[in-house]
Amino acid sequence: MRETVLDVRNLQVEFSDVDAKRLVAKHRNIIKAVDGISFGLRGGETLGIVGESGSGKSVTSLAVMGLVQTPGRISGGEIWFCPQKNGTPINLVELSSEQMQLHRGGDIAMIFQEPMSSLNPVFTIGFQLTEAIQRHQNVSKAEARRVAIAGLQEVKLLPSDEVLQQEYIKTGQESSFGSETLDEQKLAQLVNQHKEAMLERYPHQLSGGQLQRVMIAMAISCNPLLLIADEPTTALDVTVQATILELLRELQTRRDMAMIFITHDLGLISEIADSVAVMYRGKIVECGLVEQIFTNPQHPYTKGLIACRPNLNRRPQKLLTVSDYMNVEEKPTGELVIQPKQPEEPLEVTAEEITQRLATLEQQQPLLQVHNLKVGFPVRGVFGETKRYTMAVNDVSFDVKKGETLGLVGESGCGKTTLGRTLLRLMEPMGGKIFFEGQDITTIKGEPLQQLRREMQIIFQNPFSSLDPRIKIGDAIMEPLIIHSIGKTKQQRRERVAYLLERVGLNVDAINRYPHQFSGGQRQRICIARSLALNPKFIICDESVSALDVSVQAQVLNLLKELQQEFGLTYIFISHDLSVVKFMSDRILVMNRGQIVEHGTAESIYLAPKEEYTRKLIESIPTGSLERRRKINN
């Protein structure tokens with residue numbers, strides 16, 4: 001029986017109003033972010049904490065790390081942690097800030113959700129890694145760099161010394177070093193130079209997946225007993241996500257660490273966790289072993305989370321959401337009353353219906369035609385001259401029928417977003433043609449281009465950054481109406497805004513509120529309302545649900561389908577998640593390194609992929625299947 005590493009008892013964390021001028025907590029409106037939760041964790045085990053944004057998952061992890069700051073505070077409960085095997089447990093809640101620093105980063109480490117904002121952009125990754133190692137271990141700078149390199153090799157950001165030696169020997173034999181003989185000393189020097197060069201790189205020089213590996217290397221550098229992974233794969237491609245999950249499993253097994261894995265996606269939890277705690281509004285509503293939760297969930301909230309994610313093996317007409325499984329009523333005292341519901345299973349889209357829709361679309365005229373499109377980014381020399389181009393979109397051709405949803409799927413960096421922006425003329429192509437309703441729009445400018453904006457819109461990935469935080473959302477939606485002179489009076493435009501808000505499921509009272517007063521899903525609905533303001537014919541959805549909770553994602557996907565039927569919209573739906581693309585799309589294009597490597601109907605791409613790259617994308621999708629979990633474990 002393994003020892004208990006962490007024992008959380010009746011933990012409570014509160015947040016209160018703050019006087020912005022005096023930075024003094026007023027304690028008028030107290031919000032219980034974590035409300036009396038308890039759980040335990042043994043060495044070598046993984047506890048998955050799952051729930052929507054605002055459920056208290058991340059606040060729980062911050063409480064364990066001692067990072068809850070004003071206006072928040074731990075108002076009750078105990079957090080018992082055993083810093084040594086067979087040692088005496090200590091209550092982390094009672095430690096001072098100085099005492100907590102002895103354990104934070106050393107005995108207890110954390111991988112944060114957004115690595116780019118967690119790493120300092122002005123320091124090299126080597127400096128940041130060695131700083132953390134020296135802070136918790138009494139070692140020299142040279143020894144800290146050696147430990148940092150070993151950590152980067154352990155997380156597979158750097159190859160092992162043996163692999164590097166083989167690569168240099170092979171490269172030398174192929175003429176890179178000419179006739180120079182690589183003796184052991186020269187070989188060791190080249191290997192060391194390669195490893196040191198990695199330490200000298202800055203965060204902006206690494207991809208999202210590489211940055212997350214740096215964060216993992218930093219977290220494990222002091223050999224922690226407990227590792228907390230807070231949404232470590234949310235913004236990553238499914239292939240990179242699968243790699244990170246595999247890496248965490250390997251590290252945990254090798255080091256016998258206890259791990260808390262926090263996410264909103266039960267599909268991920270099924271692949272990595274031993275037990276699951278489901279959180280809703282600060283409380284743990286269900287807790288148990290993974291097999292128990294997935295085969296026989298008891299709480300309606302858990303059932304809703306499991307049902308939200310699109311299933312690759314089914315094609316429902318709409319996705320179920322959490323609200324389909326329960327009604328929630330909040331009493332004046334703040335107590336929540338949850339009433340379970342038994343939802344009706346949505347009808348399946350039959351093979352005959354799919355065939356009929358594809359045949360109908362085939363008879364439609366193309367709304368958009370793309371011929372041999374090329375988009376490149378200049379690589380400049382020392383004096384600013386263009387030496388060559390990196391081709392983000394390389395000789396791409398396809399068409400989109402009226403009323404169709406064309407899925408565009410691929411990993412980050414494959415050219416999806418660049419292609420979408422170029423189609424809207426937000427970026428200029430280097431070559432090729434773009435036709436919209438038979439008109440060549442590749443080179444139009446001025447007034448014709450502005451008129452084209454009425455017909456073509458985009459929903460961006462990040463709804464917060466695409467809304468001006470200083471402008472009320474009513475004004476943000478009304479702005480395109482003013483620019484294009486739609487509506488004779490302000491009242492008419494205001495009525496149009498009110499209609500759009502109601503249509504995307506928001507209250508009209510929201511007109512006078514600012515973006516920060518809405519959740520992520522609500523902000524995305526606002527962006528959808530703004531894109532519909534001009535009655536466009538064509539909308540590009542650029543990763544428009546990738547950062548949302550699975551329950552909110554299901555609501556937005558259902559909304560997009562409803563709006564397509566109501567307004568006759570044509571979509572290009574861009575995503576790295578093939579399960580989402582398959583649910584939304586009629587046809588799918590698979591993109592890799594700037595080129596279309598495979599295309600076909602949504603069903604044929606999934607059932608019979610021709611390219612190894614496509615098969616890799618499909619295999620990387622977390623499905624929540626226990627059979628897949630057993631396969632991974634074996």
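The values are calculated or read from the model by the stated rules, or taken from the named source; none is laboratory data. The structure presented is a predicted model; accordingly, all values stated were derived computationally and were not measured. Using ideal geometry, Cβ is built from the backbone for each residue, glycine included, and neighbour counts are taken over all protein chains shown. When the accessible area is computed, the model is the full protein with side chains, heavy atoms only, and any ligands, DNA or RNA have been set aside. Shrake-Rupley method; radii C 1.70, N 1.55, O 1.52, S 1.80 Å.
Structure data summary
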| item | result |
| --- | --- |
| Candidates P89, P71 - the one that is in contact (Cβ under 8 Å) with a residue 12 or more places away in the chain, surrounded by fewer than 19 Cβ atoms within 10 Å (Cβ to Cβ) and more than 25 Å from D256 (Cβ to Cβ) | P71 |
| Single unsatisfied condition, P232 versus (1) open to solvent by less than 10 Å² (accessible area, probe 1.4 Å); (2) more than 21 Å from S546 (Cα to Cα) | (2) |
| Hits in segment 371-393 (condition: assigned to a strand (DSSP E or B) and open to solvent by 50 Å² or more (accessible area, probe 1.4 Å)) | H371, N372, K374, F377, P378, R380, T386, K387, R388, Y389, T390, M391 |
| Close pairs from segment 514-537: first in contact (Cβ under 8 Å) with a residue 12 or more places away in the chain, partner open to solvent by 10 Å² or more (accessible area, probe 1.4 Å) and among the hydroxyl-bearing types (S, T, Y), Cβ under 8 Å, at least 6 apart | S519/S53; G520/S53; C527/S466 |
| In segment 378-411, residue farthest from G431 (Cα to Cα) [restricted to those that are at pLDDT 80 or above and β-branched (V, I, T)] | T405 |
| Any chance S620 is over 20 Å from G420 (Cβ atoms), open to solvent by 20 Å² or more (accessible area, probe 1.4 Å) and either out of contact with any Phe, Trp or Tyr (no Cβ under 7 Å at 6 or more places or on another chain) or without any contact (Cβ under 8 Å) to a residue 24 or more places away in the chain (or both) | no |
| Selection within segment 544-567 - open to solvent by 10 Å² or more (accessible area, probe 1.4 Å) and within 20 Å of the chain's Cα centre (by Cα) | S546, A547, L548, D549, V552, Q553, Q555, N558 |
| Candidate set: segment 585-614, residues that are of a type in the set (S, T, Y) and closer than 22 Å to T418 by Cα; chosen: the one most open to solvent (accessible area, probe 1.4 Å) | Y613 |
| Where L368 falls short, out of the listed (1) within 30 Å of A33 (Cβ to Cβ); (2) in contact (Cβ under 8 Å) with a residue 40 or more places away in the chain | (1) |
| Matching option when the condition is in contact with a Leu (Cβ under 7 Å, 6 or more places away or on another chain) and under 26 Å from Q241 (Cα atoms), among G77, G66, G126 | G126 |
| Per-region count, segment 128-143, residues open to solvent by 50 Å² or more (accessible area, probe 1.4 Å), in contact (Cβ under 8 Å) with a residue 40 or more places away in the chain and more than 15 Å from R104 (Cα to Cα) | 0 |
| Near pairs, Cβ below 7 angstrom, 6+ apart or cross-chain, from segment 465-484 (touching a residue at least 12 places away in the same chain (Cβ under 8 Å) and closer than 20 Å to N535 by Cα) to any residue that is open to solvent by 30 Å² or more (accessible area, probe 1.4 Å) and polar (S, T, N, Q) | G474/N512 |
| Subset of segment 538-561 [in a helix (DSSP H, G or I) and in contact (Cβ under 8 Å) with a residue 60 or more places away in the chain] | V550, S551, V552, Q553, A554, Q555, L557, N558, K561 |
| Residue within segment 438-460 that is modelled with pLDDT of 90 or more, farther than 19 Å from V545 by Cα, touching a Pro at 6+ places or on another chain (Cβ under 6 Å) and assigned to a loop (DSSP other than H, G, I, E, B) present | yes |
| Selected residue (criterion: surrounded by the fewest Cβ atoms within 10 Å (Cβ to Cβ)) from residues of segment 511-524 that are part of a helix (DSSP H, G or I) and out of contact with any Leu (no Cβ under 6 Å at 6 or more places or on another chain) | H516 |
